[in-house]
Amino acid sequence: MKTLSHKLIITKIPYVSRYAADEQTKTLSVLMNHKECLEISCDIEEERSLIGNIYVGKVKNIVKNIDAAFVEIKKGTLCFLPLNEAEDAIFANHKENSRLAVGDELLVQVLKDGVKTKAPVVSTNLNFTGRYFVFTTKRKDEIGISNKLSAEDGKRLQEYVLKKETDFGIIIRTNAKSALEEELDREFEYLKEVYEKVVNFGVHKTVFSLLMQDEAPYIKQLRNIRQDELEEIVTDDKEIFEQAHEFLKFHQPGDLDKLRLYEDPSYSLWKLYGLETMIDDANRTRVWLKSGGYLVIEPTEALTVVDVNTGKYEGNKNADATFLKINTEAAIETARQMRLRNISGIVIIDFIDMKTEADRLEVLSVLNRELKKDPVKAQLVDMTKLNLAEVTRKKMKKSLREQLGNYDYRRS
């Protein structure tokens, strides 16, 4: 069993706009592993991501040459629906056939937020995510199993699901491994109730109805952290404490004793954990490595570029050994920074030139290993002869830079 090491810190911080006098409060959540910061999320209720929300949408246009439709989910908000994501659609206008047509009303779930000129992306495959299971409206006769579960655990949990009466697809998540049967039962019944409420009654709602809103980011973090890794949940906000308490009480009662309300007025939570420094570090262009080398991280319109430099490194006089050491450190740190800053899309890493194939393979092996630790799917594509490594990371939400926006957090 893994050692309990993950700590989730949640607080509210005032932000002041750089361009106006208005003040807003953002909810900041920081996931730490020992003293290392793994993830930072910054959220304003009014600007919350649409990802996970389920709507009754209306087909406004079908563009055959790009195999897509545009679906309006609320007045003026058009979303991109790939036609291969429109299989097994649940229609609200009681169609006799499944062919998509302009004017159709159907249930859709947001997969990606809109970015600049790109519209949000939706799917008709609705997912209902819990700590142990995901229920889906697609492939109703299939049971998916997390590839992080052993064959023995997968078989045991599959047998558990097969005993249940289902008319939906099910994915068994990694956390189910250590759950008691009563915990599995509780969540199974809860997700089934939510599923039926949306699918059976949502078709009778008017167009643009919001049928299900995704949880606050810090609640999703609580749900997704592996149970055998979560050590403590700390907040200094009573409202957040109560919301987290209610969530844990019903969904994760075994984690209730890990929740703590910090109430020391003499020394703020902000100062105790150095949250200001963490945010600053996660926004710096230059990131120093332990050896004295450094990374330069530059987001562009189409991709993110990471440049690896020798910097102050004064190690072995053997240049090849020096470059290998810095590149290895850079591979580890780049994977960490991608998760920390929530960088998604294409990432190009410009490693220091390596002459031998063995060195290149070693660096690639380290990078691949570190990417697999990321809970968001990240994949190493290839490395060119010029030592440029291409990595892709799935977009789940806005980058930290986008979340912070045009606001300065007020130092306390």
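The values are calculated or read from the model by the stated rules, or taken from the named source; none is laboratory data. Quick caveat, the model's predicted, so the values are computed rather than measured. Don't worry about glycine lacking a Cβ; one is built from the backbone with ideal geometry, like all the others, and counts go over all protein chains shown. The protein model used for the area step is the full one, side chains on, heavy atoms only, and it has no ligands, DNA or RNA in it. Shrake-Rupley method; radii C 1.70, N 1.55, O 1.52, S 1.80 Å.
Per-structure values
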{"read-out": "Mean separation of Cα contacts under 8 Å, 6 or more apart, over the residue count of the chain: relative contact order %", "value": "16"}
{"read-out": "Solvent-accessible area per residue, Å², over the stretch 208-355 with all protein chains present [probe radius 1.4 Å]", "value": "49"}
{"read-out": "For the stretch 120-136, 3J(HN,Hα) per residue [Karplus equation, 6.51 cos²θ - 1.76 cosθ + 1.60, θ = phi - 60°, Hz, x = Gly/Pro]", "value": "x, 10, 10, 9, 8, 7, 8, 10, 10, 9, x, 6, 10, 9, 10, 9, 10"}
{"read-out": "Summed side-chain charge close to L211 - residues other than L211 whose Cβ falls under 9 Å, Lys, Arg +1, Asp, Glu -1", "value": "+2"}
{"read-out": "Whole-Hz ³J(HN,Hα) from phi, Karplus 6.51 cos²θ - 1.76 cosθ + 1.60, for the stretch 142-158, glycine and proline x", "value": "10, 10, x, 10, 3, 6, 8, 8, 5, 4, 5, 5, x, 5, 4, 6, 5"}
{"read-out": "Members of K7/K197; K75/K112; K312/K397; K35/K373; K12/K192 lying beyond 26 Å, as alpha-carbon distances in this model show", "value": "K7/K197; K312/K397; K12/K192"}
{"read-out": "Accessible area of the stretch 234-313 belonging to carbon and sulfur atoms, whole % at 1.4 Å probe", "value": "49"}
{"read-out": "Computed lengthening from Y267 to A358, 0.36 nm per intervening residue step minus Cα-Cα distance", "value": "27.6 nm"}
{"read-out": "Inter-site label distance for K12 and V381 at 7 Å from Cα along Cβ, in nm", "value": "4.3"}
{"read-out": "Residues of the stretch 330-352 with amide N under 20 Å of a point placed 7 Å along Cα→Cβ from D280", "value": "337, 340-341"}
{"read-out": "Highest to lowest packing among 57-64, 167-174, scored as the average C-beta count within 10 Å", "value": "167-174, 57-64"}
{"read-out": "In Hz, Karplus ³J(HN,Hα) per residue of the stretch 204-219 (6.51, -1.76, 1.60; θ = phi - 60°; x = Gly, Pro)", "value": "9, 7, 6, 4, 6, 5, 8, 8, 8, 10, 5, 6, 4, x, 6, 5"}
{"read-out": "Spatially proximal aspartates and glutamates relative to K377 (Cα-Cα < 18 Å; intrachain offsets below 8 disregarded)", "value": "E39, D113, E333, E390"}
{"read-out": "Approximate spin-label separation L83-V207, in nm, with each point projected 7 Å along Cα-to-Cβ", "value": "2.1"}
{"read-out": "Given K290/K395; K64/K155; K74/K138, the pairs whose alpha carbons are separated by over 32 Å", "value": "K64/K155"}
{"read-out": "Relative packing of peptides 255-261, 230-236 - highest average C-beta neighbours within 10 Å first", "value": "230-236, 255-261"}
{"read-out": "Theoretical ellipticity at 222 nm over the chain - DSSP helices of four or more residues, -39500 (n - 2.57) apiece, nearest 500", "value": "-8500 deg cm²/dmol"}
{"read-out": "Per-bin percent of Cα-Cα distances, the stretch 21-89 [5 Å]", "value": "3, 12, 16, 16, 11, 11, 11, 11, 7, 2, 1"}
